[in-house]
Amino acid sequence: MSTERGRIQISGFDTDGIEDQDSLDAWSESEADELESRWRKIVSSIVRDRLALGGFAVVAVMSLAALLSQPISVGGFTIQPFSIVPYDPTQTGVGARYAAPSLSHPMGTDRLGRDLFSRVVTGGRYSISIGLIVTALAATFGVIYGSISGYFGGRVDEVLMRILDVVFAFPGLVLALILVALFGGGFWPLVGAFALVGWATYARIIRGEILKVKQNEYVMAAKALGARDRSVIFRHVIPNAIAPVIVQATLSIGTVVIGVAALGFLGLGFDPGTPEWGTILDAESDTLATGAGGTWDWWATVFPGLMIFLFVMSMNIIGDAVNDALDAQVDDIGGGG
Amino acid sequence: MSLQKFILKRILASVPVLFGVSVVTFALMHITPGDIVDQLVAANPNVPSHEAARLRREFGLDQPVWVQYLDWMQGVLTGDFGEVYSSSRDVSAVVLARLPETIALGLFGWVFAILIAIPGGIYAAVNKDQLGDTVSRFVALSGISIPNFWLGLMLMAVFAVQLDWFPTLDPQTSLLSPSMLWWLILPGVTIGTAAAANMMRIMRTSMAEELNKEYVTAARAKGLPERTVILKHVLRNSLISVTTVAAFLTASIVAGSVVVETVFGWPGLGRELIDAVHLREINLILAITLFTGFFIVLANLLADIVYALLDPRIRDEY
Amino acid sequence: MALLEVNDLTVSFYTQEGVVTAVDNLSYTIERGEKFGVVGESGAGKSVTALSLLRLIESPGEIESGEILLDGDNLLEMTTEEIRQIRGNRIGMIFQDAQTALNPVYTVGEQISEAIRHHLEYDSEDARERSIELLDQVGIPDAENRYSDYPHEFSGGMQQRAVIAMALSCDPDVLIADEPTTALDVTTEAKILSLLEELTDEFDTAIQLITHDLGVVAELCDRVMVMYAGQAVEKAPVEELYYDPKHPYTVGLMSSIPRVGDDSDRLRTIPGAMPDLIDTPPGCSFHPRCPYAEEACTRTEPGMITTGDGANGSQQSARCLEYTNDLQHGLGFDVTIDDDLSERVRGEQHE
């Protein structure tokens, strides 16, 4: 147009009197504030999710019950004196053999007349504690491994990732099973086996996140300002990349619990008679084969499995809620032109 | 770059992984406290020490580790995995006899998983945040959370023992006969449940993500029926994310086979592995472990190829 | 009768934060073969308007009221099946970012011919032929071979050409172009715009061009609507809009275009941002950013007032209290046409 009728010149559109409302707060929010408000948002969105709260309650009650079920002593010194279950879980003959659930035995008794309720409540100890310890160990190692790989990139990354590929070539449960088979069962060998199997996922996740975060300006800025690699990784990269690791950790507690119980069920990991969920199921699985029309002592197999399911399901619901809360950060409304 | 070149590159990239798998498997055997001879001696304390030394020589255990590895690899590459101590049968013969059973079970589990997961995922994504989505989300979470051995026990108790709809324990017909399906259903469903639930969630997420993309609006703006938009445009893109986890799901099915075969008395490699573990049949354990690793690497490779077939951009990246 | 007539269109999005009224009582018409520009900042409701024309507003959005008449038929009362016959067939759409508008896993050719097969009931061979013809028309060299290329094998400009071919494939009456050149570099932008002009002239297709760039409007359009916060604030033939803008927002948009040879020492922008559409300010929605705002502006919502007849007999109208004589001090801007300066600039360029 301007070439046809000359240049348009506008005068008198004087905007100096108008406050520039928005430009102020766009700059004030620093990186730290942003992170903090992000976490606060996540927590509040989880609290709002009633299903997740229910899951959290189940996990808390089951863990606490397992902890308080029987006294715990370390080196002859009792550190947990409570004993909330009605019977000693390993004591035989506290009721009739295969007694159906009743008031005195809410979940019935097993083939040796042991109280199933006491066994099942105490049984949480093994799986839950192994799940927690394994997750902590695996996540720590995996995060460090993946951070190194993702941050340095190049040759280092290439080699470290090839090693990961090898670990991923074995299904976790099979590798854990073989480790336990070769090195023997028990609490700490199980922890070791599952930790050795579990770290790889964290490494892969954190590496991917770091590759994304690395492109961000503040990391480049920190590097340009001469920050050392280690401090850049720990102060800038990991806090921003850790969210999916937390989701994975929540979900993997459930996976480890199932894995431990599976090994127990396969007759590996714990001595027969140990009140561990999978081991109980293994011992009682022959109650199924009573034949058509025969009476099925269902409580012996239903309750231990149900406890695993309940715990893992609750854990997964929590993990899902955490995941949603993290996703909510990127969800945008589709309005506007 | 052409598809063939891409495939060739992926195959070559698998070689170091396969090498790593064999090293890990071999190392497992060698970091075990005590070797085979120690175990034999422990089982029979009357063996004189010069006899033990002779056995070590015979098994090549006096050689440096890398020579032992090469010897072992040479055997592996020619199909010689040693023999089963207790029955003196060739390990490879045992593995080959059990393999088809496991493949049949795994394949059934896979097909079951896909048949549930793809339509379920599509349904959930299309009805995102509505009742159907919430219900299917709960079902999927349950599928992931339920321990497969317990699910197997319960299915067997209810449908095989109490209702007597399905046969239990060792299948008595040949693998290829149609009546085999009856034996396959319960263990197949058990083995496929977790994979189905996982895949359904991934399908839902990726489909919901794809549905928000502009090409979907563009396809609708062309006036295409919603069916075509979903099943032609969106589905193919969402399947791409599913293939990236396909190998992972295969691994979960392989792991599941160990447990499920034990529950249902299925005569496959998984049950063989458990038996071998209880009898400490090292040769058999190693062969099955190695085989599992190879199989997963192969599954990864296949998933990559399917990925490249679905997504034209990938072929050009390499 | 106008080809396309939008009356009192209101579109809302039901979000967690509240109801966002993205398009608020919007009315406009487009004549057959006319080139109609829609201008405004992002968030003004331009894209939502465009998607409403095809009834492609998705949950949580909803078309609340109004009518959209295409040749007198109300699109909002049609069945899903009927509206599908309109989409891509009588109304074609060009998207802002061709790269995301093309499905990455199908060939460009397939994506053009599927609409042809669907609407014109061509068999695959004929559809393929027509698609190649279209690709050739939009200036894709070697169209025959390029037909089976995937989108990622096309450059940005070529992708946009392909999307134009897609939109034109069934010879629509109206073409909606939503910021068709925003994602492109300046040279490609110019080429795409002249291609659009050429093709719409050739097929006598009306076009609704959505943009935030007044320069693009100047190049292509006959008539313009300026949108702010979901409403039309000014409608005018393109010449009038430039040489005799009526609404302060239009003036603000124009004064924020950077120019070669501008004497002022800083770029003038309109301070502040588009108001939150959940909670629009009372009175005139532009008053917090308007240099001429008076007390009345915070209380009274101005209506759309006809301010005069344009050159081609089409009216110019604006939504400002000035034109109902409710402003005490009036609007203090001036538009001058500086011939010397334009001569000078041209002279410089020739040297």
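Within region C:205-214, not a single residue is assigned to a helix (DSSP H, G or I), modelled with pLDDT under 90, buried (at least 18 other Cβ atoms within 10 Å of the Cβ) and over 12 Å from the mean Cα position of the chain (by Cα). Checking A:Ala176 against (1) closer than 26 Å to A:Trp188 by Cα; (2) more than 10 Å from chain B (Cβ to nearest Cβ), which single condition isn't satisfied? (2) is the only condition that A:Ala176 fails. Would you confirm whether or not region C:19-29 contains a residue that is in a loop (DSSP other than H, G, I, E, B) and assigned by TED's automatic domain parsing to the domain that holds C:Val216? No; the residues of region C:19-29 include none that is in a loop (DSSP other than H, G, I, E, B) and assigned by TED's automatic domain parsing to the domain that holds C:Val216.
Let's see how each residue does on (1) modelled with pLDDT of 85 or more; (2) in a loop (DSSP other than H, G, I, E, B); (3) assigned by TED's automatic domain parsing to the domain that holds C:Arg223; (4) not aliphatic (A, V, I, L, M):
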position: C:Ser264; (1), (2), (3), (4): no, yes, yes, yes
position: C:Leu267; (1), (2), (3), (4): no, yes, yes, no
position: C:Ile270; (1), (2), (3), (4): no, yes, yes, no
position: C:Leu277; (1), (2), (3), (4): no, yes, yes, no
position: C:Pro302; (1), (2), (3), (4): yes, yes, yes, yes
position: C:Gly308; (1), (2), (3), (4): no, no, yes, yes
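Only one entry of C:Glu82, C:Glu58, C:Glu77 meets the criterion of being without any contact (Cβ under 8 Å) to a residue 40 or more places away in the chain and within 9 Å of chain A (Cβ to nearest Cβ), and that entry is C:Glu58.
Among the residues of region B:262-302, those that are in contact (Cβ under 8 Å) with a residue 24 or more places away in the chain, open to solvent by less than 10 Å² (accessible area, probe 1.4 Å) and at the interface with chain A (Cβ under 8 Å from one of its Cβ atoms) comprise B:Thr289, B:Gly293, B:Ile296.
The residues in region C:144-173 that are more than 12 Å from chain B (Cβ to nearest Cβ), over 21 Å from C:Ile86 (Cα atoms) and surrounded by fewer than 19 Cβ atoms within 10 Å (Cβ to Cβ) can be counted, and the count is 4. C:Thr10 passes all but one of (1) touching a residue at least 60 places away in the same chain (Cβ under 8 Å); (2) among the polar types (S, T, N, Q); (3) within 14 Å of chain A (Cβ to nearest Cβ); which number fails? So C:Thr10 meets the others, but not (1). The helices (runs of 4 or more DSSP H) found wholly in region B:188-287 and carrying at least 1 residues that are within 28 Å of C:Arg87 (Cβ to Cβ) occupy B:214-221, B:235-264.
Scanning region C:85-101 for residues that are more than 12 Å from B:Arg220 (Cα to Cα) and facing another protein chain (nearest Cβ under 7 Å) turns up C:Phe95, C:Asp97, C:Thr100. For region A:211-223, the criterion of being open to solvent by 10 Å² or more (accessible area, probe 1.4 Å), in contact with a helix residue (DSSP H, G or I) (Cβ under 7 Å, 6 or more places away or on another chain), of a type in the set (Ser, Thr, Tyr) and in a helix (DSSP H, G or I) is met by at least one residue. Highlighted here are the helices (runs of 4 or more DSSP H) found entirely within region B:1-119 that include at least 3 residues which are open to solvent by less than 80 Å² (accessible area, probe 1.4 Å) and modelled with pLDDT under 80: B:3-31, B:36-43, B:49-59.
Name the single residue, out of those in region A:238-254 being under 8 Å from the mean Cα position of the chain (by Cα) and within 14 Å of chain B (Cβ to nearest Cβ), that is surrounded by the most Cβ atoms within 10 Å (Cβ to Cβ). Result: A:Gly254.
Surrounded by fewer than 21 Cβ atoms within 10 Å (Cβ to Cβ) and under 16 Å from the mean Cα position of the chain (by Cα): does that describe B:Val259? No; evaluated as a whole, the condition is false for this residue.
The values are calculated or read from the model by the stated rules, or taken from the named source; none is laboratory data. This one's a predicted model, so the numbers in the text were calculated from it and none came from an experiment. Cβ coordinates were reconstructed from backbone atoms using ideal geometry, including for glycine residues, and neighbour counts include every protein chain displayed. Calculation scope for accessible area: heavy atoms of the full protein, side chains included, ligands and nucleic acids excluded. Shrake-Rupley method; radii C 1.70, N 1.55, O 1.52, S 1.80 Å.
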